[in-house]
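Since the structure comes first, as structure tokens, the remarks are kept for the end.
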Amino acid sequence: MSGAAIYIKRDLKVSDEQIEILLGIINLYSLIGSCLAGRTSDWIGRRYTIVFAGAIFFVGALLMGFSPNYSFLMFGRFVAGIGIGYALMIAPVYTAEVSPASSRGFLTSFPEVPFFIFFLVINRIYCIYLSFNYKLIIL
């Protein structure tokens with residue numbers, strides 16, 4: 001989303017503060033979705049809650065993709081955030097329920113590994129980039 005911020009700012013003619021709110025508000029919206037996910041999963045089951053989360057996120061992505069103005073984009077972000085909250089809350093629970101006891105810990109914690117590796121690699125690239133540009137500035 002941050003890569004699209006430049007184009008959103010240009011096309012919708014919004015301020016920097018509005019862009020900051022747009023990019024940062026997803027955490028608050030996903031908090032709402034995660035609070036609703038537990039009751040929903042007890043009501044319709046874990047598997048159908050995951051399907052429901054995917055459908056909500058898909059609708060939110062469509063709303064964001066076809067938004068003609070900032071308000072509609074924020075509404076699409078709200079809907080997508082609800083779906084993200086649902087998925088982040090229910091997917092590990094479902095994984096823990098269907099996996100055998102011998103591999104339960106590995107399977108529930110494994111999705112964190114790609115995030116860690118991604119941040120580690122990006123951090124190293126950024127450090128190399130800064131040290132290279134620092135040497136160019138000194139020369």
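The values are calculated or read from the model by the stated rules, or taken from the named source; none is laboratory data. Fair warning: this is a prediction, and the values are worked out from it, not measured in the lab. Cβ placement follows ideal geometry from the backbone for every residue including glycine, while neighbour counts extend to all protein chains displayed.
What to note about this one:
- Counting only helices (runs of 4 or more DSSP H) wholly contained in segment 1-95, the ones carrying 1 or more residues that are in contact with a Lys or Arg (Cβ under 9 Å, 6 or more places away or on another chain) and of a type in the set (Phe, Trp, Tyr) occupy 26-44.
- Residue count, segment 14-56 (criterion: under 9 Å from Ile82 (Cα atoms) and of a type in the set (S, T, N, Q)): 2
- Restricting attention to segment 76-105, the residues being surrounded by fewer than 15 Cβ atoms within 10 Å (Cβ to Cβ) and not polar (S, T, N, Q) number 7.
- Checking each residue of segment 63-86 against the condition of being more than 30 Å from Asp11 (Cα to Cα), among the β-branched types (Val, Ile, Thr) and touching a residue at least 40 places away in the same chain (Cβ under 8 Å) gives no match.
- There is at least one residue in segment 37-47 that is in the same structural domain as Tyr7 (by TED's automatic domain parsing), loosely packed, with under 14 Cβ neighbours inside 10 Å and among the β-branched types (Val, Ile, Thr).
- Some residue of segment 8-19 being surrounded by 12 or more Cβ atoms within 10 Å (Cβ to Cβ), more than 15 Å from the chain's Cα centre (by Cα) and among the basic types (Lys, Arg): yes
- Condition broken by Arg124, with the remaining ones in (1) surrounded by 10 or more Cβ atoms within 10 Å (Cβ to Cβ); (2) in the same structural domain as Leu12 (by TED's automatic domain parsing) satisfied: (2)
- Residues (among the aliphatic types (A, V, I, L, M) and either over 18 Å from Arg46 (Cβ atoms) or assigned by TED's automatic domain parsing to the domain that holds Ser41 (or both)) located in segment 102-121: Val113, Ile117, Leu120, Val121
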